[in-house]
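Data first, discussion second: the structure below is written as structure tokens.
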Amino acid sequence: MSVPLSHVLIVASLMFAMGLGCVIAWRANVIMMLIGIEIMLNAVMLTFVGGSAHWGIADGQLFSLMLMALTSAEVSLALAMVVYLHRRKQTVNTDDFNSMKG
Amino acid sequence: MEATLFYILAAVLLIGILLAITARQAVRSIVYLVTSFFALALMFYLLGAPLIAAFEVIIYAGAIMVLFLFVIMMLELESPEKLAKPNFKNWLPALLLAGAVVGALVVLLASRVQAVPPGFTEIPVRQFAFALFKQYGVAVEVVSMQLLFALVGALYLGRRR
Amino acid sequence: MTSLIPILTLLIFLPLCGSLLVLALRRSDAAARGVALAFSVAELALCLWPLALTGEKATGAPAGFFLYQDSAWIERFGIRFTLGMDGISLVMTLLTAFITLIAVLSAWQVKERAGLFFSLLLALQAAVQGLFLSLDLFLFYLFWEAMLIPMLLLIGVWGNGRPVYSTIKFFLYTFVGSLLMLVAIIALYLMHGAQSGSYTFGLPALVHTTIPYDLGLWMFAAFLLSFAIKFPLFPLHTWQPDAYCDAPVAGTLMLGSLLSKTAAYGLIRIAFPLFPEAARALTPLIYVVAVLGIGYFAWIAFAQRDMKRMLAYSSVSHMGFVALGIAAWSPVAVSGALLQMVNHAVTTGALFIAVGMLEERAANRDLSGYGGTWGKIPVFSFFFLVFNMASAGVPGLNNFVSELIILVGTFRVAPLAAALAFLGTILTLVYTVRLVQEVVFGKEKAPLELKDLSLREAGVLGVMALVVVALGVHPGPVLELFRTPLEVLLKQ
Amino acid sequence: MLPTYLTLMLLFPLLGGLTFAVAGRMLPRTLVEVLACATVWGSFVCAALAAAAYTGPQVVTLADWFATFDLAIPISLYLDPLSLAMTVMIGFVCGLIHIYSVFYMREDEDYARYFALLNLFVFAMLTLVLGETLPLLYLGWEGVGFCSYLLIGFWYSDPANADAGRKAFIATRIGDVALMIALAWLFQLFGTLSITKVNGMGFLMPVSVITMLGILFLIAAMGKSAQVPLMVWLPDAMAGPTPVSAMIHAATMVTAGVYLLARLLPLIGGSEIALAAIAITGGVTAFYGATCALAQRDLKRVLAYSTISQIGYMMLGVGAGAVTAATFHLLVHAFFKALLFLGAGCVIAAMHHEQDIYKMGGLRRSLPLTFWSFLVGAACLAGIPLTGGFFSKDSILLAVWLKGGVLYQTLYLLGLITALITAYYSFRLVFLVFAGENGHVHRSSGLTVMQVVLIPLAILGLFGGLLDLPAYLGGGYLSGFFASLPADDLPSASHEQEIGLQTVAGALALVGLLTAYLRYGKGRAERMREAQAQPSSLISFLAQGWYFDRLYDLVLIRPYHALARFLWQRVDEAVIDASVDGLGSGVGGAGRLFGRWSTGKVAVYLISFAAGAALILGYLAWLAL
């Protein structure tokens, strides 16, 4: 296949930017914010895999795998937290959660 | 041929994500996302990572997204009126920052002259496995520990008082 | 034989083991005390052993070191567990073991959580010993920071007055300094690595790094600042009177007698050899600060009514001589500074203990509460007088010898600074005789029921007085130990 | 044999002193007293044996004190005529005073401390005299100062006594620092601190350096020997027990400054300016002390001021380059001043510790032995012809005269005037204390022995002149003995000149005696009446020592106290410490300011994070462009 690495990276960066936008824009909804994070993480994975393929080293793929494991851990915890918070406050609006105020 | 396929898939991916993040309902956005991730999985395959592609489908599109769906349904968040939809004021900073990030990345990419000719090598699963379990054995252990902690944490948070 | 037994490692880990054991025994005060005493005696005995080995040459050791030990630790970053002992380290470890023993004995009456107290004392000793022995900058830094923890706890938990305020002040000051030092250490590490290709924190290797003058100035300044805070030198001293006053007696002893010496040791062992040019450039600054400090602190000490505070200022004033001797960086002056470190530790430490004994009896540190103790508690007064006279530099006692050596050594290099510093000794005498006058002589200002020293207290002060006299009359052996290491250090 | 004698000479009093200091309280009183005297007399015997065995100047190295690199300080002693004469004198006078002390201090409970310090003092004084290296000399120098400090404040429960001790210690320390600096400088110049070597190398240095060194040594001597302007401590030092005053503040310690200068004269003699400074200091001090002594009412203070004055003479002698004359006067002065003090001690003991001379009188009959001895002492002090004091003082004046030049002739005149005043106040003392009636005394058991001790001193004082008779009477023993000393090459006077000068001085002394007789012998009743009245301003000016105490209080002590408090509270706590505390609270405030940013809302954090990321990326892109 003869796609230049830069194109892969551009796709990844667009994807990352959209994830970022999602996280920022949907501040009222934790679920959507989590989705944004997933998108960003996938963008990172795409970068890793692209790099791995480009240089022919397995490490990039390996890290995508690690990322996936990480993400699943993160998502399961985050969703558990959402459930917990929803149970306590009946909302998923992040602006209502401010107990971390400094 | 493969390159064309790649671009098509990329288009599907990006459009799917765009739809996902602008969807009115969380359930819809999940469905769009699943579509995009399928496309992404294919792109991984094209980039010579069949194993990752498989995992993408199984774990992401399969497990994680379903988990999202479960939670959405459990909390009965599917009706759009329950959620405050972002208006333009919310989107503005997001667009600005995302634009800045993309712009900067593109500038960076464009400024780097491609030293190596374009082209990808496929990495066989055997090599992948060797690297995973020989070189990064400790990392695998750490990740597994982490998954365990996440499990315990989720159980702790989810228990009924 | 000696290579089979890792004396140096033992020197560090023996007190550490003692500390853990005491911690385990903390339910019984008596047991904790006994074990702490046993371990500090054992440590002192262990420190005496290398005295017999000074003539030998350890394999692989840098010049001047007769005990050396080097093993891999964190190879990834070139951090090694390198310990070495030369004459200077030997004297310092002996001093540490001696002072800790005295501290344990002087803390005999601690009632509240005694086990933890002794445990912390021993832990502190381990850290100080490690610092005096380490030849790896990373290790040095580690011990440097490790010293802080037990010290802070000692002041914070057992202190009186405003312990929390003093603790925080002490912590912030020293921490700011040590962070700067860390930056300099890492910069040095990277520079050396880039130059030679081998990334190492080993002091003997780092000495050969070529450092651009400007950068060296900054790095030396970082080290100097860090050490000057711990010293402390004018005007970075304001944590010191508070910390000294609010710490329990044993804590003050460790702080004043040992921790300030680590800073001087660092200057001699690390800062000056690593950055000789920068050191030369900044020497005038050290002269000014040292001379100013000697006079200024002596002057302020005169105004104090709180005895411990007076001694705190006196302590910094005397440390000025150490700084002066180091700044001169000539063999005679530095050997004088090293001797002064030992003398200062013993004399000032003994004075702090003596004041602590008074405080234990009358629960009062104010000068106006005492007077005419000679008639009531003659044994105490005798010792108090002896230590004060030593502090005032009466010949025949220890401080005189070192101050004379520093004066003579410094005068060659910087006559004006040396002469001015010695004018400061007039001020030293002024506050010393005031202290003696108000406590030992005169009329009793408030009716007090004082008991003379117990056998333990008399023993503690007696041993220290013996050291004071011995070092005043025959300091030759100690000075001889400094000779070889100084020849090596100053040749670089 | 010589090293043994010297070692023992030092060891006896040292061991005695240390024993009494550590275990004195546990020993019986008699034992301590006997031991204390025995050690000092043992020292004296050793000194006498050393004198017998003496053949020529000799350096004896006993041990190492300390050594580091090229700075090596051995414990080595130097025996030459000067130090030999001093050691014999010290051993003898101190021995007598120890015996005297035993009886004088009969009633004091703290005998152990007293004798410990007295013995340590003898050790330190001998070290000072014998020390061959300057640090060893300094050991003795500071050691005598330390003992003097504690002995002046011996009766510590009166704060005034302790204050006097403190004053002495601090004032002499000023001089000591000068000595230390000179010592460091010498090492820098010559690379050695051996007195003999330094003395031999003085000519290598430019005169300006020698002058500076000389002045430093002079300052050191000023402190120890109570010369203007550091003399204020000596009158107050009389607060100590009288034997202490006799031993330390008259016979031995205070002459250490003169000894130091005499010892180093080969070095500092190279500079005329330094010599002139020494001579001027001596001349002025002699005059100052004599005038002050005129107006004192306290028996011991009269003697103290006379000591200042007499040491001034010695300094004048050194300044004129006449080591022999200065030492001659030093030795004779030691005898007659110890005699005077011990006599005063007898008087004070007999008068129930009354020291005001206007309340005394008539002791001529009740204490005849004391009277006659005291009279001898006063005659020596006054320089009545043919006494020891006459010859010694005149040899100094002769040397000054011979030195010539305007400066030295002025100083000679000053010395003559001082001699007149001296004769006057000496006999004022005699007449006031011993003449008149009401001679009731309190006799204690020890008084007899104490008076007996005066006799040998009186004999020595009276016939001390024999030590060094003028050339026209056959020449002196001391001059011959000291001939080996370097730098003592003075022009010798013709006999006629010498006789002429001595006639003048003798006549002046007699005039002084006569005046004193007229005023205080015949006009005693009138003077007693005057003493009740308010003193005139001149009298109080003199009685207060020219108000030097007040001047120093105003110029030095008060500012010192005030500045100490100022530095502590206004500078250290209010500026340095507060600036650090201020920095702390400033950081705290900034922290609170930033703290407001952390609202706890995820969205704010997110936007901040994204903005940060965008910023970094933007920066990188800008670099790439």
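Any read-out appearing in this document is the output of simple, stated calculations on the displayed coordinates, not a laboratory observation. Just so it is clear, the model here is predicted, and its values are computed rather than measured. Note that each Cβ is placed from the backbone with ideal geometry, even for glycine, and that neighbours are counted across all protein chains shown.
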Let me know the longest stretch in chain D that avoids all trypsin sites (Lys or Arg not before Pro) found in a DSSP loop with at most 11 other C-beta atoms within 10 Å. D:1-442
Note on the range D:551-624: the mean projected area of its alpha-carbon convex hull, in nm², is 9.0 nm²
Karplus (6.51, -1.76, 1.60) ³J(HN,Hα), θ = phi - 60°, over the range C:233-246, in Hz, Gly and Pro reported as x: 9, 4, x, 9, 9, 5, 6, 5, x, 5, 5, 4, 6, 8
Where in chain D are the DSSP H helices whose alpha-carbon span along the long axis reaches 27 Å or more and whose Kyte-Doolittle mean is at least -0.5? D:2-23, D:29-53, D:81-104, D:111-130, D:159-190, D:272-294, D:299-319, D:323-350, D:405-434, D:495-516, D:602-624
On a 0 to 90 degree scale, rounded to 10, what angle separates helix C:163-196 from the longest Cα axis of chain C? 20 degrees
Through the Karplus equation 6.51 cos²θ - 1.76 cosθ + 1.60, θ set to phi - 60°, convert the phi angles of the range C:59-64 into ³J(HN,Hα) values in whole Hz; use x for Gly and Pro. 6, x, 7, x, 4, x
Residues with amide H under 5 Å of residue C:202's amide H, sequence separation 5 or more or different chain, H placed in the peptide plane at 1.01 Å from N; which? C:137
What helices does chain B have that are whole DSSP H segments, at least 24 Å long along their own axis by Cα, and with mean Kyte-Doolittle hydropathy of 1.6 or more? B:2-22, B:26-46, B:88-111, B:137-158
Assigned charges on the beta-carbon of Lys, Arg, Asp, Glu; the protein assembly as shown dipole about Cα centre (debye): 2640 debye
For the range D:174-216 and the range D:1-64, compute the distance between their C-alpha centroids and round to whole Å. 31 Å
May I ask for the distance between the Cα centers of the range D:494-508 and the range C:296-344, given as a whole number of Å? 58 Å
Interchain or sequence-distant (5+) residues whose placed amide H lies within less than 5 Å of the amide H of residue D:133 are D:76, D:195
Add -39500 (n - 2.57) for each DSSP H run of 4 or more in chain D, then divide by its residues: what number comes out at 222 nm, to the nearest 500 deg cm²/dmol? -23500 deg cm²/dmol
Give me, ordered by chain and number, the residues 5 or more places off residue D:65 or on other chains with an amide H under 5 Å from its own placed amide H. D:73, D:75
Loop-exposed GluC sites (Glu not before Pro) per DSSP, neighbour cap 15 Cβ within 10 angstrom, longest uninterrupted part of chain C: C:113-443
In percent, how large is the relative contact order of chain C, given Cα pairs closer than 8 Å and 6 or more residues apart? 14 percent
Within 10 Å of the Cβ of an average residue in D:179-189, the count of other chain Cβ atoms is 6
Averaged over residues of C:238-245, the number of beta carbons from other chains lying within 10 Å of each residue's Cβ is 2
Over the range C:281-492, calculate the relative contact order: mean separation of alpha carbon pairs under 8 Å at least 6 apart, over the residue count, as a percent. 30 percent
What relative contact order, as a whole-number percentage, does chain D give when Cα pairs under 8 Å and 6 or more residues apart are counted? 11 percent
Indicate the gyration tensor shape class of the range D:1-108 (rounded, prolate or oblate), computed on the Cα atoms with a ≥ b ≥ c the square roots of the eigenvalues: a/c under 1.5 is rounded; otherwise a/b larger than b/c is prolate and the rest oblate. oblate
Checked the range B:1-83 against the a/c 1.5 cut and the a/b vs b/c comparison, axes a ≥ b ≥ c from its Cα gyration tensor; verdict oblate
Under the Karplus curve 6.51 cos²θ - 1.76 cosθ + 1.60, θ = phi - 60°, whole-Hz ³J(HN,Hα) for the range C:400-408, x wherever Gly or Pro sits: 4, 4, 5, 5, 5, 4, 4, 4, 5
